[in-house]
Amino acid sequence: MSVQPVNYQDSPAASAIADAPPVAPRQLDIAIIGAGLVGLATAAMLRKEGHRITIFESSSFHAEIGAGIVVPPNGVGVLNKMLPELNWDNMQTVDFRSFEAYAVDGTHMLSDDISEAWRLYPQGWFCIHRVDMHKEIMRLALDRNAMSLPPASIRLGAAIKSVNFDPARPSVTTTDGKEYTFDLVLGADGIKSTVRKCMVGPEYNAPPDEFAFYRWMIDLQAHPELAWIRDERKSSGPTAIIRGKEFEGIFSYPLRRGNIINISAGHRDKRKERNDIEWNEDTPAEAFHENFHDFCPKFMALVNAAEAPRTWQLRKLPTLPTWIKGNVAIMGDAAHAMYPTYGQGLAIGMEDAGTLATLLQQGTKASDIPARLRMFQQTRKPRAERVSLLSSRNQKTPQPEESHWVKPELLGYDAVAVAKQALLSKS
């Protein structure tokens, strides 16, 4: 049931206090560049604080985007604290409770039971289709009936050309030449961020790695013979088929209550022109199948089920000199795109969103913004850079008695509590 706003003039008691109506705190005018998961989550959280939000999105949302994502406890915790209205059933989640690994010849290598993580962090750890999560968070940001406070507005097909970092009144200019001014501009426009390029220069980009991923999904209702990858285990979670070290092999996990299997296949990217091509492009069939020449027949069946797989380049941002300039900040992949080693990319972006919404709580004045952005950078930048470092290739391989996944440094971090403490320490 939605909560309807009350019209003050219609109230029977209005005439009695008409000379002294309550004065609401001034809302901030905030622009969010990018309507991906982090941008929309930030919009929904700042909506709850009563601010006026305008989202600029370069696409038109005509097609589904993305594939599977893993949301670990630190990300789930932020969402539960800041957006309790989130309906997890709408996202058709699958619990991440164990990890199975095989060699390419079919030999079982290890089982990693992560029930300890669920005991320590009962908020949960989930595998979700990106589109399902996007739709649910978009509902909280844009649906008038999702919350009592006014929704964010969105401008589709509105690519940003430039950013004015005037601290008194920052602005963005779209590619059609129109300029829009705000109290605050937040760049959540991903790894190819225009806001980042305007802030620190194009030299801070994310070059392609020597590794890339083939990506595809398998509908188990259409391929019931492949249901073993979901069913031949004690509890739900990812399955890896490993060739050598680092990112070579297959990493898969179930989505949509286990009916879809999301697959990423790491391989050395032999394309000589990889610096000059699209980061996510169609894959020639011959090159695709060559990479699985040593897979046993059981695993090769997963490869043969791929329909129009795409090649996704592995990229990671270098450490940036700053995330803030004037009343402009970058966040999410725009600030700290990292390797997928621990599935932390989205969670760190959600930590950014929860931190900003906490620091920009209702009643925040425009004059407070510079100090709050400094707090944001002081709390978030070291954390994200540390997690990005952990995600780097050639880090220490876990020993057999260790879990690759259950790392309290990652999973036990409470970004909202840290932001609240930062506010208290400055008051």
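Looking only at the stretch 306-330, which residues are in contact with a Leu (Cβ under 6 Å, 6 or more places away or on another chain) and not in a strand (DSSP E or B)?
Of everything in the stretch 306-330, just one residue is in contact with a Leu (Cβ under 6 Å, 6 or more places away or on another chain) and not in a strand (DSSP E or B), namely Asn327.
Can you tell me which condition Asp166 does not meet? The list is (1) of a type outside the set (A, V, I, L, M, F, W, C); (2) in contact with a helix residue (DSSP H, G or I) (Cβ under 9 Å, 6 or more places away or on another chain); (3) over 30 Å from Thr283 (Cβ atoms), and all the others hold.
Tallying (1) of a type outside the set (A, V, I, L, M, F, W, C); (2) in contact with a helix residue (DSSP H, G or I) (Cβ under 9 Å, 6 or more places away or on another chain); (3) over 30 Å from Thr283 (Cβ atoms), Asp166 fails exactly one: (2).
Look at the stretch 71-104 and say how many of its residues are assigned to a helix (DSSP H, G or I), crowded, with 18+ Cβ neighbours inside 10 Å and not aliphatic (A, V, I, L, M).
4
In the stretch 234-254, is there at least one residue being surrounded by 23 or more Cβ atoms within 10 Å (Cβ to Cβ), touching a Cys at 6+ places or on another chain (Cβ under 8 Å), aromatic (Phe, Trp, Tyr) and not assigned by TED's automatic domain parsing to the domain that holds Ala41?
yes
Name the strands (runs of 3 or more DSSP E) wholly within the stretch 123-187 that hold at least 1 residues that are under 24 Å from the mean Cα position of the chain (by Cα), loosely packed, with under 14 Cβ neighbours inside 10 Å and in contact (Cβ under 8 Å) with a residue 60 or more places away in the chain?
Values: elements: 126-129, 153-156, 160-164, 171-174, 179-181, 184-187.
Fully inside the stretch 123-187 and qualifying: 153-156.
Suppose we filter Val406, Val416 for residues that are surrounded by 15 or more Cβ atoms within 10 Å (Cβ to Cβ), at negative phi and assigned to a helix (DSSP H, G or I); which single one remains?
Val416
Among the candidates Arg215, Arg274, single out the residue that is of a type in the set (Lys, Arg), modelled with pLDDT under 95 and not in a loop (DSSP other than H, G, I, E, B).
After ruling out the rest, the residue left standing is Arg215.
Just for the stretch 26-39: of the residues that are assigned to a loop (DSSP other than H, G, I, E, B) and closer than 29 Å to Glu136 by Cβ, which one is modelled with the lowest pLDDT?
By that ranking, first place goes to Gln27.
Mind checking which pairs have a first residue in the stretch 79-101 that is farther than 22 Å from Thr42 by Cα and a second that is assigned to a helix (DSSP H, G or I) and of a type in the set (S, T, N, Q), Cβ under 7 Å, 6 or more apart or different chains?
Matching pairs, first to second residue: Arg97/Ser115.
The values are calculated or read from the model by the stated rules, or taken from the named source; none is laboratory data. The structure displayed is predicted, hence computed values, not measured ones. Neighbour counts are summed over all protein chains in view; Cβ atoms, including those assigned to glycine, are modelled from backbone coordinates with ideal geometry.
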